[in-house]
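Report on one structure; see the data block that follows.
Rule-based calculations on the coordinates, nothing more; no lab input. Here the structure is a predicted model, which is why all the values come from computation and not from measurement. No Cβ is skipped: glycine too gets one built from the backbone with ideal geometry, and neighbour counts run over all protein chains shown.
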Amino acid sequence: MSSFLTELSRNSHAVLIAIGQHIGLSAVAILLGILVAVPVGVLLTYHTRAAKIVLGIFSVVNTIPSIVLLGFAMIFLGIGYIPATIVLFVYSLLPIMRGTYTGIKEVNPNALKAAKGMGMNRPQMLRLVQFPLAMPAIITGIRLSTIYIISWATLAAFIGGGGLGDLIWMGLQSYNFHLVLCGAVPVTILSLLVSFLLNHLIKRASRHKGKEVAT
Amino acid sequence: MKKKNTITLFLAMLLLLSMLSGCGKSKGVTVGSKQFTENILLGEIYAQLIEAKTDIPVTRKLNLGGTAVCHLAAQKGEIDMYFEYTGTAYNELLNHALEAGVTKEEILAVCQKELNENSQMTLFDPLGFNNTYAVAVKTSRLEELGVETLSDLSTISDQIKFGAGHAFYTRLHDGYNGLVDTYGMKFKETLKMDTSLLYEAAHTEDLDAIIVFTTDGLLKKYDLTCLVDDKTLFPPYEGAILCRNDVLERYPELRDELNTLAGKIDDETMQMLNYQVDIENRSVEEVAKEFLISNGYISITDQDNSKIYTEQEVLDIAYKEAGINSSQASEIEVELKTKDSVEVYEIEFDYDGYEYDYVINAKTGEILSKSREKEELPTT
């Protein structure tokens, strides 16, 4: 333990840079993922058949080992930060899309009837009824996606994308397991932190949902 | 009580180990190798050379492990020789720091002297290639960039995208830090990435300069050229065969054969040989044989009876002799042994209440002895 801390303090600068790169990689991928997957998920609720096809395709894509996808990305997009982000972005889509789709699909039809009865048009219903009620499912999707992406971002090190994966690979290749931990421990902490924060958000959103149903 | 058991077990294992290592000291020589293509290939080349040029029986224990494993195996007598590199021996076996400025001649001299004194092993003269780190650039871009040496590269380093595997960045003096300190490199971009993807990135010109090993077959595949390390930053890793002294005393004729290849395999030749195995997917045996024959080190007629029968083939011989087929035999045991410097198979199987024993010559398939005894029934 103490030798791990020594290694950590010796590499503290490198670890901080790597954490920064790691957050940069994951955050950009996730934010782009949310921007694309949430609207697509909503659109898919209007076309059930299209939804089956699109979700099916992305299920297949997500089963491709990320290292293979990174290899392909390298051939078509080159190396470094950008191709790594794009691959992570592709992986982030499915859980968010599926969360949005199921969340909105499972909104109580009675709530929708009531909204219609109150004279709401479609955009209003989406904004005022469906979205708030689907929020816990959407955030669950985002949480799942983020945790995946934070751990998969370690593989960006393969194509020069940087991040905490660099420390892990450097440690593995030089049999320096304390260096491996310098990369692995921050990844775990980041995952736990994000998981905790988003769980908190889900709880708040659910409380909101409870109130809606009660009134 | 438990403690006592542990001690007994430990002693039993020690005894077993010492017996095992004793087995290795039988007649003939055993060639070992480390776990990568080049080392396995060179082990095979030496094995075939000895087989063809002498009457000494050769056993192969290729693909053993890392440097520590191979050296320990040689010390214990499990193997008699393996292929070593001067830089590795100097640093890992003899615990000298590889500092910049020590010439390859000095390192070789220290290795030859100290391996002889400390380990009672002889390091033969190197084959000529030097498998060390190098900075490589696509051959077609050498002129465009105007570089031949690392000093040339340092003058334009601010326009260069550089990449290396992760391990290179962890080396204290002869890795990335060394490049910066010795040559004053200030690269435009510095990437860490998987070694196997580096070559592709250099090929597509996503990277301008990458770190490679000088004898890698991929250099040939992607047509890359290594820049000259004009300030000798990277330590020498010259390859040479390392053999225990008592084996050389027992077989004095070995010395000449082990010297045959000294100075005969340069970087390009070694790249070519690695290329044939790694990229063309040819077998190590085939590439080794072709190299030895095409360079006249052995002739086709030297290729004697190195082939031996397989276990299945000798079993079929024994079944045929016993007049039964393979499905009828039970409790089958086959073991390859060396008896009076002849390789034989000892075969045992049960059929119809009788125990059959055969000894068959592994090279000719001749039945040397046979017996058929009533199986002893276990007393109840």
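Taking a ≥ b ≥ c as the square roots of the eigenvalues of the Cα gyration tensor of region B:136-226, is the shape rounded (a/c under 1.5), prolate (a/b larger than b/c) or oblate? The shape class here is oblate.
Round to the nearest 0.05 the FRET efficiency obtained for A:Arg204 and B:Glu205 when R0 = 60 Å and r is the Cβ-Cβ distance.
FRET efficiency, A:Arg204 to B:Glu205: 0.75.
Within 10 Å of the Cβ of each residue in B:163-170, the mean number of Cβ atoms contributed by other protein chains is 6.
The label point for A:Met118 and the one for B:Asn281, both projected 7 Å from the Cα toward the Cβ, are 6.6 nm apart. Between 0 and 90 degrees, the angle of helix A:81-105 with respect to the longest Cα principal axis of chain A falls at about 30 degrees. Taking Lys and Arg as +1 and Asp and Glu as -1, the other residues whose beta-carbon sits under 9 Å from that of B:Lys188 total -1.
For peptide B:192-200, the mean count of partner chain Cβ atoms within 10 Å of a residue's Cβ comes to 6.
Pairs of Cα atoms nearer than 8 Å and 6+ residues apart set the relative contact order; for region B:311-374 it is 24 percent.
Shielding by partners for A:73-79, please: the mean number of other protein chain Cβ atoms within 10 Å of each residue's Cβ. All intermediate terms of the calculation are to be shown ahead of the outcome.
On the way: counts 0, 7, 4, 0, 1, 5, 12.
For peptide A:73-79, the averaged partner shielding equals 4.
Working from label points 7 Å from Cα in the Cα-to-Cβ sense, the B:Glu249 to A:Leu8 distance is 5.6 nm. Between the Cα long axis of helix B:67-76 and the first principal axis of chain B there is an angle of about 40°, rounded to the nearest 10.
Relative to the dominant Cα principal axis of chain B, helix B:2-23 is inclined by about 90°. Separation of region A:139-194 from region A:10-71 is 15 Å, based on Cα centroids.
Backbone geometry of region B:141-149 corresponds, through the Karplus equation with coefficients 6.51, -1.76 and 1.60 at θ = phi - 60°, to 3J(HN,Hα) couplings of 9, 4, 6, 4, 7, x, 10, 10, 10 Hz, x marking Gly and Pro.
Database remark: amide H of B:Thr59 closer than 5 angstrom to the amide H of B:Val29, B:Thr30, B:Val31 (H placed geometrically; neighbours at sequence offset of 5 or more, or on other chains; Pro and chain starts carry no H).
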